[in-house]
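Any read-out appearing in this document is the output of simple, stated calculations on the displayed coordinates, not a laboratory observation. Since the model is a prediction, treat every value here as computed from it, not as a measurement. Positions of Cβ are generated from backbone atoms using ideal geometry, with glycine treated the same way; all protein chains shown enter the neighbour counts.
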Amino acid sequence: MSLLEIKGLGITFGGLKAVQDVGFKVEPGEIVSVIGPNGAGKTTLFNMISGVYQPGSGQVLLKGEDVTGMAPNHLAERGMSRTFQNLQIFQNMTVLENAIAGYHLRERGPVLADLLNLPSSRRRAKAAAEGARALLARVGLDRAAEREAGNLSYGALKRLEIARALALDPAVLLLDEPAAGCNAVETEEIDHLIAEVAASGVAILLVEHDMKMVMRISNHIVVLDHGEKIAEGDPATVSRNPAVIAAYLGTEAEVAHADG
Ligand SMILES: Nc1ncnc2c1ncn2[C@@H]1O[C@H](COP(=O)(O)OP(=O)(O)OP(=O)(O)O)[C@@H](O)[C@H]1O
């Protein structure tokens, strides 16, 4: 049994088959990337896997359980969390408060206990703050804990978003363009962070336009074109695949060679 198994997923928007019969597997500690030219169906596929869209066909199996179309909060409880292409950070809260917000999604306690400020609620708040600080250290933001999130660099915001998703202690982490808008140094920091998270046993599923990053960090790549899977394999194999090269010709993107 795979940790995450995608089977024959498909969806149609007003007659357009945005994604058709896409399947692949993700195992613990693996970094799997979904690539493809603009409009290939990457975001749509991601949204189906993470419960944002109801698939028209196919299945999403998490630890063998059918979680197809399950709402994102239920998926989080079962071990799948995600980040978004457009950052979902509270800009006028501190970095620490943002990380604690992620923690509270998991440590949700009885509202009445919180209102009455009972010892149990104070213990939970303390545990969340401690957990959040540990996460910030993990993503290299411990020294920025008290800063307002809106003042962070873009790369730091991206890392904060990963910290918040990690607060849910996921077995599978879905990253939607984690390096979008980042400069080369920030991208490299995110590379290292993703590799470290994978090394801790978390399965990573990634949609990313930065082909060099994808080729550098992925164990396995799934290539979509016009909603269909046209290739999959390790970076070196995929980057030499004639169907992949053809799909990218006529677009501005280039498939960077894994060995180059
Ligand atoms: N909500 C929607 N309603 C109608 N059509 C949609 C919707 N979302 C996506 N599509 C269409 O589905 C196809 C796949 O789009 P999608 O955004 O998933 O591609 P993508 O590979 O993520 O593209 P990009 O690299 O540009 O982000 C496109 O033709 C797009 O226009």
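For this structure, a couple of remarks:
- Residues of type lysines that K63 reaches as a straight line, Cα spacing below 22 Å, ignoring anything fewer than 8 places off in the same chain: K7, K25
- Residues considered: G15, G140, G41. Largest GNM mean-square fluctuation over the chain, using C-alpha springs under 10 Å, is found at G15.
- Placing dummy labels 7 Å off each Cα toward the beta-carbon, the span from A246 to K7 is 3.1 nm.
- Of K17, K42, K126, the one that fluctuates the most in a GNM where the chain has Cα springs shorter than 10 Å: K126
- Per residue of the chain, the DSSP helices (runs of n ≥ 4 H) give a summed -39500 (n - 2.57) that works out to -11500 deg cm²/dmol at 222 nm.
- In the chain the longest region clear of GluC sites (Glu not before Pro) that are loop-assigned by DSSP and have at most 12 other C-beta atoms within 10 Å covers 1-145.
- One Cα centroid belongs to the range 158-179, the other to the range 1-16; the line between them spans 22 Å.
- If the segment from E65 to A127 were pulled out straight at 0.36 nm per residue, it would be longer than the present Cα-Cα gap by 19.3 nm.
- Which of F46, F84, F13 has the fewest Cβ neighbours within 10 Å, and the rest in rising order: F13, F84, F46
- Taken along the Cα-to-beta-carbon direction at a fixed 7 Å, the label points for A101 and A184 span 3.4 nm.
- Counting only alpha carbon atoms, the long axis of helix 184-199 and the longest principal axis of the chain meet at about 80°.
- Cα shape, the range 135-260, gyration tensor, a/c 1.5 rule: prolate
- Overall form of the range 1-111 per C-alpha gyration tensor (a/c, 1.5; a/b vs b/c): prolate
- Candidates L224, L193, L249: whichever shows maximal mean-square fluctuation once the chain is modelled as a Gaussian network with Cα springs under 10 Å: L249
- Kirkwood radius for the chain, taken over all pairs of different Cα atoms as the inverse mean of 1/r, rounds to 19.1 Å.
- Filter on K158/K229; K17/K229; K17/K158 - keep pairs with C-alpha separation over 23 Å: K158/K229; K17/K158
- Mean separation of Cα contacts under 8 Å, 6 or more apart, over the residue count of the chain: relative contact order %: 26
- Principal-axis analysis of the Cα atoms of the chain puts helix 95-106 at an angle of about 80° to the longest axis.
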